[in-house]
Amino acid sequence: MAESTTGRRKPWGESNPLLVKELRGRMRGARAFVVLTIYLLLLGCFVSLIYATIVESYSFRFPTSADMAEVGRAIFYAVSIIQLFVVTFITPAFTAGSISGERERKTYELLRTTLLSARRLVSGKLFATLTYSLLLILAAVPLQGLAFMLGGVTMEQLALILLVLAMTAFFFGVVGILFSAILRKTSTATALVYGIALLLTVGLPLVLLLFTGLFGIVLLDHGGERIPFVLRVILIYSAYFIVNLSPVGAAVTTEMILVEESSLWFFQLDVWNGGGSTFIPLPSGWIIYTLAYLVLGLVLLRLTIRQVQRQETQ
Amino acid sequence: MGDIIQTKGLTKKYGKLVALDDLNLVVEEGAAFGFVGPNGAGKTTTMRILATLLRPTAGEAWVAGHSVGKERQAVRRTIGYMPDFFGVYGDMKVWEYLDFFAACYDIPPATRARLVDDLLELVDLAHRRDDYVDALSRGMKQRICLARALAHDPQLLILDEPASGLDPRARIEIRALLHELHAMGKTILISSHILSEIEEVCTHIGIIEAGRLIAAGSLDSIQEQLQSHRTLRIGLLNRIKEAAEWLAAQPEVLDVALLTEKEKSFLQLEFSGDQERLAQLLADLTRSGFAVTQFQETARGLEDTFMRLTQGIVT
């Protein structure tokens, strides 16, 4: 509920006409439904292919429940990774044009002379896009549910991936709308937000993989004795934090901890301290990812609103 | 009636370029005020400042007593703004477009449906209610944009070149609409390059050049101020040459010419006296036994006034 200018409480949708307008525009006509249908068909074909390929490999014997659990896990991982990329690249594609597009269409000034505040403008644009992204995420839940039925995937895993996907949509949606508010051209805003999305989803894991390959053993085992223990712990925490800023990195670390340590929350990392082993606690990847993206997203959202307010007073 | 617009020392600079230079403008409530000036004179800059879209470099402006810089929301409630170039949401239906903007002005849903119908009636687009905005002609889009600016029943309409790029029919329709809005009690601040249009619609004008206000006031008063002498047209039943000689002998008559138009002869007189002396001249003329059939002051058009005042300076 939101407070109206007359002091009357009114429903959120009513308090933000831009949200209603954007949703109506996005869902109008066949386009939204065609996109959704094609997306689900492709995802369904992909899942069928994975299922057929793995089951085929058991053709010499009757698959056991453990085999089926493996199929379920494979389907779950595949659908999750595809959804992660879809959400990462589709959400900012919509938001990157949300404010710059208004300027390009010469409708921005008409909006600015109404009573619509910068906060309502930005939140209306953002949540309309997030709603569509959420629709894409939820529409694929039955396919992930198939993995759940086959076994090997827990309810917690399903809930966690939905949380990670939602947070990804939120963060990249905010990054898109921030660039859209700062830059005049939608094309420049889109290129920049895609650059950041690529950096976080692909670039960061690659850099970290290289870093781990080069220094991992040095930091954890006897080879790192020349580096003070405290410094090594700081380096480990820093590297672990950075790796979990990537949606792919966070998904992988969460899954590893879940499978190997059977924990959703924390695990203990064994680090050589010169005289023996010290166990340092590390939170599961999803915790770092969702917290970091939530805080960063909220900060960037505030920056976007301030940017729009600043433009109002130029 | 009070002043609905007041600016004091309004100045806007873009780097070294001075778009507005110490503009002091007053517009009375209920006036239809035509803002006239060459391209780049500062008309749009003034209107954008009044519409809360631009901050002045110096000076202050008030709309209905609200400071444009400090009470933006109050100003936005008071004005309906239509920019010179604007876009529309082509994927919306006509009624949705108006409903959306009405909602942006916090008009409750219960009253919006009726309001949208009334606005469509006013701009004569009720028959296009369920069409997409993109399907409207340019003139219709102009009218729907004007209806949008009226959604919250503003006291003041700020219209920047509302008839630019329209065909003659659409111009006439917009003009009729402006007359109707003025009759409804709206104060209108309108800029236009088409001076004849301003002359037809407006009760007051302000002439701006190079960011400075050169003249402002009612149309008649401005023309009055500018006239160093009057041009009179005098028709007579007979003795026209005698009358010409008699008039030429009068002290404030600068020149007399005998002209013929459509086989009718008349005298054209350049007279330097004021209204009282003019009345005296007519009385003396008839007292001298001349049968006067026409005694008319030739009105100077706004174009003439504009050309006399401006020098074609562009910032």
Problem - At R0 = 60 Å, FRET efficiency that the Cβ-Cβ distance of A:L163 and B:A58 yields, to 0.05 - result: 0.70
Completion exercise
The aspartates and glutamates whose Cα lies under 12 Å from the Cα of B:K93, excluding any fewer than 8 residues away in the same chain, are B:D130, B:D131, B:D134
Problem - Additional length obtainable on full extension of the chain from A:C45 to A:F89, 0.36 nm per residue less Cα span - result: 13.7 nm
Exercise for the section: Under 29 Å Cα to Cα from B:K16, which lysines show up? Leave out anything in the same chain fewer than 8 places away. Expected result: A:K106, A:K185, B:K8, B:K43, B:K70
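Charges at C-beta only: +1 for Lys and Arg, -1 for Asp and Glu. How large is the resulting dipole of the protein assembly as shown about its Cα centre, in Debye rounded to 20? Walk me through the intermediate numbers first.
On the way: 59 positive and 61 negative charges, 181 e Å.
My answer is approximately 880 debye.
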Exercise for the section: Quick one: angle between helix B:94-104 and the longest Cα principal axis of chain B, in degrees between 0 and 90, rounded to 10, please. Expected result: 80 degrees
Practice task
Could you pull out every whole DSSP H run in chain A that spans at least 27 Å of Cα extent along its own axis and averages -1.0 or higher on the Kyte-Doolittle scale?
Solution key: A:31-57, A:65-95, A:118-139, A:155-182, A:285-312
Exercise for the section: Give the Rg/Rh ratio for segment A:263-314, taking Rg as the radius of gyration of the Cα atoms and Rh as the Kirkwood radius, to two decimals. Expected result: 1.40
Practice task
Treat each spin label as a single point 7 Å out from the Cα along the C-beta direction, and report the A:L199 to B:R233 distance in nm.
Solution key: 7.5 nm
Problem - Whole-percent pair-distance distribution, where bins are 10 Å wide, for the alpha carbons of the protein assembly as shown - result: 3, 12, 17, 17, 14, 11, 9, 6, 4, 2, 2, 1, 0, 0
Practice task
Could you grab the relative contact order for chain A? Cα pairs under 8 Å, six or more apart, rounded to a whole percent.
Solution key: 19 percent
Handout entry: Span from the segment B:114-165 Cα centroid across to the segment B:42-91 one, whole angstrom
Key = 19 Å
Completion exercise
Footprinting proxy, A:F62, A:F170, A:F179, B:F295: sorted fewest to most Cβ within 10 Å, the residues are A:F62, B:F295, A:F170, A:F179
Handout entry: segment B:204-274 and segment A:233-308: distance between their alpha carbon centers, rounded to Å
Key = 89 Å
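Take A:I81, B:I207, B:I107 and order them by how many other Cβ atoms sit within 10 Å, fewest up front.
Result, fewest neighbours first: A:I81, B:I107, B:I207.
Tell me, rounded to the nearest percent, the portion of alpha carbon pairs in chain B spaced more than 37 Å apart.
Details: 16077 of 49455 pairs.
Of the Cα pairs, 33 percent sit more than 37 Å apart.
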Problem - Among A:A52, A:A191, A:A147: highest mean-square fluctuation, GNM of chain A, C-alpha pairs under 10 Å - result: A:A52
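Coordinate-derived values only; no laboratory data. Fair warning: this is a prediction, and the values are worked out from it, not measured in the lab. In this analysis, Cβ positions are derived from the backbone assuming ideal geometry, glycine residues included, and neighbour counts consider all displayed protein chains.
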